[in-house]
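These notes concern the structure reproduced below.
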Amino acid sequence: MAFLGSYIYALGRLLNRINNNDLYPISIYYYITRVIIACVAAAVLRHTIGVFADASNSVLPTSFSEGAAPMLLLIGFGLGFAPDLFILAMTRKALQTLKVWGSRDDPPDSLRPTGLSLLMIDDLSREKIDRLNELEIDSAHALARQNPFRLLLTLPYELSLLVDWIAQANLYVLVKDTGLKSLREIYIRDIFDLYIYLVDDQSRPDICAKLQFSEAAGQAMIAQLDQDASYLRLLELRNAMKPACKPDLEDVSTAASTKPHRTATRAFPRHPGSPGASGGGTPVSVDQPTLVASSAAG
């Protein structure tokens with residue numbers, strides 16, 4: 001079932017990549033390797049699932065009878081879709097069982113930072129996240145520090161969309177999960193919006209209240225962003241993408257209505273019997289549609 005799950009996943013991703021004109025030779029090797037890893041991980045998990053006593057006893061019987069077979073099939077199929085998660089869980093359990101630690105113990109769960117998942121970014125679906133994972137971008141922190149032009153060369157997305165994703169990732173890295181939820185309630189969705197609200201004296205108190213810190217801390221955050229190389233680079237690119245001048249729609253419509261009708265001059269030949277027939281023709285001013293019609297008829 002792990003092979004079937006990974007094969008279906010790879011088939012769907014490859015068809016999507018072909019549709020977006022985003023298929024490279026290395027992608028074929030990537031998905032083939034993923035299928036092999038999923039099958040090996042499923043075999044290891046099948047023979048060592050008893051090690052996961054706390055988790056497995058709640059979903060599987062103590063002895064692997066016929067009643068456990070459907071659940072094992074479901075686990076194998078899910079492992080084919082996401083082998084990385086199962087491999088990480090098995091590795092952690094193996095290290096805990098063997099009591100193999102580093103030179104120092106791992107920090108407790110209460111002190112560990114959040115994972116900064118890419119799912120917190122608007123419009124980043126699982127398919128897009130998998131494409132970013134191929135470039136070793138597996139968290140919002142990694143996305144926030146990316147060069148948009150580097151991503152533009154390898155991803156089938158517009159530059160404006162990449163800038164929007166990176167701007168959202170910068171905001172998420174700065175304010176984390178709770179702060180991001182609070183800011184989205186007042187329509188602040190990226191780091192540029194936050195900066196605009198912070199530099200405004202009237203809106204700064206509301207932002208500080210949402211983020212639960214003082215106005216002095218808000219002023220310090222402005223200085224912090226002014227010193228952030230990633231933010232400044234992204235801001236420079238965003239400003240460069242703006243139009244040079246904003247057109248006035250009223251002036252454009254007025255100019256279009258008062259624009260003179262273009263005319264063209266064409267020399268029509270004289271009839272053989274008319275005076276001055278050898279002179280090569282008389283210039284006649286005609287409207288552009290008349291000239292086009294006569295050219296088509298000729």
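The numbers here are math on the coordinates, done by the rules we state, and not lab data. All figures in this text were calculated on a predicted structure; none of them were measured in a lab. In this analysis, Cβ positions are derived from the backbone assuming ideal geometry, glycine residues included, and neighbour counts consider all displayed protein chains.
Just a few scattered comments:
- Its alpha carbons give region 118-240 an Rg and a Dmax of 14.6, 44 Å.
- A full extension of the chain between residue 43 and residue 119 corresponds to an added length of 24.4 nm, given 0.36 nm per residue minus the alpha carbon distance.
- Taking the average, over residues, of other Cβ atoms within 10 Å as the packing measure, peptides 156-162, 19-25, 205-211 rank 205-211, 156-162, 19-25 from highest down.
- The simple Förster model, with R0 at 45 Å and r as the Cβ-Cβ distance, assigns residue 216 and residue 21 a FRET efficiency of 0.30.
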